[in-house]
1. Out of the residues in region 109-140 that are under 11 Å from the mean Cα position of the chain (by Cα) and of a type in the set (A, V, I, L, M, F, W, C), which is farthest from E93 (Cα to Cα)?
2. Only residues in region 121-134 that are on the phi < 0 side of the Ramachandran plot count as the first member; pair them with residues that are not in a helix (DSSP H, G or I), Cβ under 7 angstrom, at least 6 apart or cross-chain, and list the lot.
3. Of the residues that sit in region 85-103 and are among the hydrophobic types (A, V, I, L, M, F, W, C) and buried (at least 18 other Cβ atoms within 10 Å of the Cβ), which one is nearest to G66 (Cα to Cα)?
4. Determine which single condition A76 fails, assuming it passes every other condition in (1) at pLDDT 85 or above; (2) open to solvent by 60 Å² or more (accessible area, probe 1.4 Å); (3) within 19 Å of the chain's Cα centre (by Cα).
5. If you go through region 22-54, how many residues are of a type outside the set (A, V, I, L, M, F, W, C) and either open to solvent by 80 Å² or more (accessible area, probe 1.4 Å) or without any contact (Cβ under 8 Å) to a residue 24 or more places away in the chain (or both)?
6. Within the set of pairs 6+ apart or on separate chains, which have a first residue in region 56-68 that is among the charged types (D, E, K, R) and modelled with pLDDT of 90 or more, a second that is open to solvent by less than 90 Å² (accessible area, probe 1.4 Å) and not in a strand (DSSP E or B), and C-beta atoms under 7 Å apart?
7. For region 29-47, state whether one or more residues are more than 16 Å from T151 (Cα to Cα) and either among the small types (G, A, S) or in contact with a Cys (Cβ under 9 Å, 6 or more places away or on another chain) (or both).
8. Which of the residues spanning region 120-160 are at pLDDT below 85 and outside any loop (DSSP other than H, G, I, E, B)?
Amino acid sequence: MADPRIIDIQLDEKTIAWRSGDIEQERRIAIFDLLEGNLFRPLRAHADGYAGPYRLKLSVEEGRLGMEIAREDGTALEAIILGMARFRRPIREYFAICDSYFQAVKQSSPAQIETIDMARRGVHNEAAEMLKEKLEGKIEVDFETARRLFTLICVLHIKG
């Protein structure tokens, strides 16, 4: 029976040089929300018909995103490598807006916070659509899954 969802997600910790408390909170929320509800359907058929659930490990190496997909029992299924060049600008913008947002929460009016948050959501939504396009033909994901995966991809791109 098909169960196209992620049940466990890991980030390659050696990829991450440093992260602030705010970014760590974003990571925790993204993982929690992702595991609560997601659509993740690799499109490559497996000889035994395996169709989920999946364990996923994300890493970044030499400017490429690695997605190691495994069965529920941890047995490797496949690895997908995606070039990240198209994501450099949205990742930079997302970090800049998040930094503004975290600062605004501490010292700005609700209206200013809302304006920054709307800009943050806009960048996030655009990047999620880009990720969905990049995964097309490889993995089917819904919009919310793509948004949460983009947050985790951003965390992997943090440099000290």
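1. Going through the qualifying residues, I end up with L131.
2. If the second residue must be not in a helix (DSSP H, G or I), the pairs left are K132/V141; K134/L82.
3. My answer is F87.
4. (3)
5. So the count comes out to 8.
6. K57/D12
7. Looking through region 29-47, at least one residue is more than 16 Å from T151 (Cα to Cα) and either among the small types (G, A, S) or in contact with a Cys (Cβ under 9 Å, 6 or more places away or on another chain) (or both).
8. Within region 120-160, R120, C154, V155, L156 qualify.
The values are calculated or read from the model by the stated rules, or taken from the named source; none is laboratory data. Keep in mind that what you see is a predicted model, and the values were worked out from it rather than measured. Backbone-built Cβ (ideal geometry, glycine too); neighbour counts: all protein chains shown. When the accessible area is computed, the model is the full protein with side chains, heavy atoms only, and any ligands, DNA or RNA have been set aside. Shrake-Rupley method; radii C 1.70, N 1.55, O 1.52, S 1.80 Å.
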